[in-house]
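Undergrad: Quick one: the structure is below, questions incoming.
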Amino acid sequence: MSEIVRLHQHKAGLAGETEYLRRRNNKIINKEKRLRAIRIKGLHLFVIFSLLIGAAFLAYKVAISMLTWEKLNIKTFVLVNKPLFKAKQVENLVREYRGNILALSLSELRKRLLTFNEVKDVSITRKLPSTVEVRFNLRKPVFQVFINGKYNIMDSEGVILYTSHTSRSDLISIRNIARSELGELVPYLPELSRLKKSIQYVSLKKPYGIMLKLKGIKEIFYPGETDFAKKINCYLKLKQRPLLKKYEITCVDLRFKDRFYFEYR
């Protein structure tokens, strides 16, 4: 009986030792797998890092080569819709920019070109290998005002584009309007444009708003906000009636739809 017990104990001991050895062997195998994975991952990272370094160096060499390649030197500036009144100054400015086309600072050139009052906006494009195209969006002359013996030519925002010793028949002459007030005239530009050739000058007067003086007509008109030409023509017809002929009319208020008021002396 005792021999049978010892035999069972011996078998149990062998089973426990086998399980211990199996677990230990598994731990060793798993540890080796982790170490192998770490080595492989490290090798991959090293290869990737080496490739990145190589690519960066190659890109650097290519960039240096491009920046020193004579074929990429600026040879021509194409100016599209260039300023009329500062054309020579604009041409002289762009001539300052030479060298490699890729090294050209577009933002700096754009900033300098926008200092010309006539230029409202500008876009600059590289046309490889050696051409730079500059497209201008110019301010349009709309108003002129006579100051100190010269006409200041301005756009609809009151920006002075240039000065002239002679007036322009295609522009609207203004009087007694601050540059900050010119924006108030912008909504009426379509109406004023229809009468442009007949206008002697335009002004603003509170509370009437627009004040018009036409060439060859003594009266000053306050035409309101719409239908300037229609209202003025209607008044000029009524003026021929005997009842109105006896008055020397100085101002006509046409702001109201079904009637008008006038001042006389």
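The values are calculated or read from the model by the stated rules, or taken from the named source; none is laboratory data. Computed from a predicted model, the values in this text were never measured in an experiment. Positions of Cβ are generated from backbone atoms using ideal geometry, with glycine treated the same way; all protein chains shown enter the neighbour counts.
Undergrad: Only helices (runs of 4 or more DSSP H) wholly contained in the range 146-265 count here; list those with 3 or more residues that are out of contact with any Pro (no Cβ under 7 Å at 6 or more places or on another chain), over 30 Å from residue 114 (Cα atoms) and modelled with pLDDT of 90 or more. Steps first, please.
TA: Working: elements: 189-194, 228-238, 242-245.
Helices (runs of 4 or more DSSP H) meeting the threshold: 228-238.
Undergrad: Which residue is surrounded by the most Cβ atoms within 10 Å (Cβ to Cβ), if the candidates are limited to the range 114-132 and must be part of a strand (DSSP E or B) and over 17 Å from the mean Cα position of the chain (by Cα)? Outline the logic, then answer.
TA: First, the residues of the range 114-132 that are part of a strand (DSSP E or B): 119-127, 131-132.
Checking the rest, the ones that are also over 17 Å from the mean Cα position of the chain (by Cα) come to 126-127, 131-132.
Numbers: 126: 15, 127: 11, 131: 14, 132: 20.
Selected residue: 132.
Undergrad: Looking at the range 221-243 only, could you name the residues that are charged (D, E, K, R), touching a helix residue (DSSP H, G or I) at 6+ places or on another chain (Cβ under 8 Å) and closer than 15 Å to residue 208 by Cβ?
TA: Quick first cut of the range 221-243, residues charged (D, E, K, R) only: 225, 227, 230-231, 237, 239, 241.
Subsequent filtering for residues that are touching a helix residue (DSSP H, G or I) at 6+ places or on another chain (Cβ under 8 Å) retains 225, 227, 239.
Result: 225, single match.
Undergrad: Suppose we filter the range 95-124 for residues that are over 16 Å from residue 138 (Cβ atoms), among the small types (Gly, Ala, Ser) and in contact with a strand residue (DSSP E or B) (Cβ under 7 Å, 6 or more places away or on another chain); how many remain?
TA: Count: 1.
Undergrad: Kindly evaluate residue 119 against the criterion of being in the same structural domain as residue 220 (by TED's automatic domain parsing) and among the aliphatic types (A, V, I, L, M).
TA: Values: in the same structural domain as residue 220 (by TED's automatic domain parsing): no; among the aliphatic types (A, V, I, L, M): yes.
No: the conditions fail for residue 119.
Undergrad: Identify all residues within the range 114-172 that are over 27 Å from residue 196 (Cα atoms) and among the aliphatic types (A, V, I, L, M); write none if there are none.
TA: 114, 122, 124, 128, 132, 134
Undergrad: Separate question: Which of the residues that make up the range 168-193 are more than 27 Å from the chain's Cα centre (by Cα) and surrounded by 13 or more Cβ atoms within 10 Å (Cβ to Cβ)?
TA: Step one: list which residues in the range 168-193 are more than 27 Å from the chain's Cα centre (by Cα), which gives 168-170, 172-177, 191-193.
If the condition is that a residue be more than 27 Å from the chain's Cα centre (by Cα) and surrounded by 13 or more Cβ atoms within 10 Å (Cβ to Cβ), then 172, 173, 174, 175, 177, 191, 192, 193 are the ones that fit.
Undergrad: Does residue 47 satisfy the condition of being in the same structural domain as residue 123 (by TED's automatic domain parsing), at pLDDT 70 or above, part of a helix (DSSP H, G or I) and aliphatic (A, V, I, L, M)? Before you say what the answer is, go through the steps one by one.
TA: Working: in the same structural domain as residue 123 (by TED's automatic domain parsing): no; at pLDDT 70 or above: yes; part of a helix (DSSP H, G or I): yes; aliphatic (A, V, I, L, M): yes.
No; evaluated as a whole, the condition is false for this residue.
Undergrad: Take the conditions out of contact with any Asp or Glu (no Cβ under 6 Å at 6 or more places or on another chain) and of a type in the set (Phe, Trp, Tyr) and apply them to residue 256. Does it pass? Quick ask: steps written out before the conclusion?
TA: Working: out of contact with any Asp or Glu (no Cβ under 6 Å at 6 or more places or on another chain): yes; of a type in the set (Phe, Trp, Tyr): yes.
The answer is yes for residue 256.
Undergrad: To continue, here is another question. Would you mind finding the one in 95, 39, 110 that is charged (D, E, K, R) and at pLDDT 95 or above? Walk me through how you get there before you give the answer.
TA: Details: 95 fails: at pLDDT 95 or above; 39 fails: at pLDDT 95 or above.
One residue alone meets the criteria, 110.
Undergrad: Considering 111, 82, which residue is in a helix (DSSP H, G or I) and of a type in the set (D, E, K, R)?
TA: Going through 111, 82 in turn, just one is in a helix (DSSP H, G or I) and of a type in the set (D, E, K, R): 111.
Undergrad: May I ask you to verify whether residue 151 is under 24 Å from residue 120 (Cα atoms), among the aromatic types (Phe, Trp, Tyr) and surrounded by 19 or more Cβ atoms within 10 Å (Cβ to Cβ)? I'd like the intermediate steps shown before the answer.
TA: Numbers: under 24 Å from residue 120 (Cα atoms): yes; among the aromatic types (Phe, Trp, Tyr): yes; surrounded by 19 or more Cβ atoms within 10 Å (Cβ to Cβ): yes.
Here the answer is yes, as residue 151 does meet what is asked.
Undergrad: Then there is this: Mind checking which pairs have a first residue in the range 205-218 that is touching a residue at least 12 places away in the same chain (Cβ under 8 Å) and a second that is assigned to a loop (DSSP other than H, G, I, E, B) and surrounded by fewer than 16 Cβ atoms within 10 Å (Cβ to Cβ), Cβ under 9 Å, 6 or more apart or different chains?
TA: 205/176; 209/225; 210/225; 213/175; 218/248
Undergrad: While we're on this one: Does residue 115 qualify as being at pLDDT 70 or above and closer than 30 Å to residue 131 by Cα? First the steps, then the outcome.
TA: Details: at pLDDT 70 or above: yes; closer than 30 Å to residue 131 by Cα: yes.
For residue 115, the condition - at pLDDT 70 or above and closer than 30 Å to residue 131 by Cα - is met.
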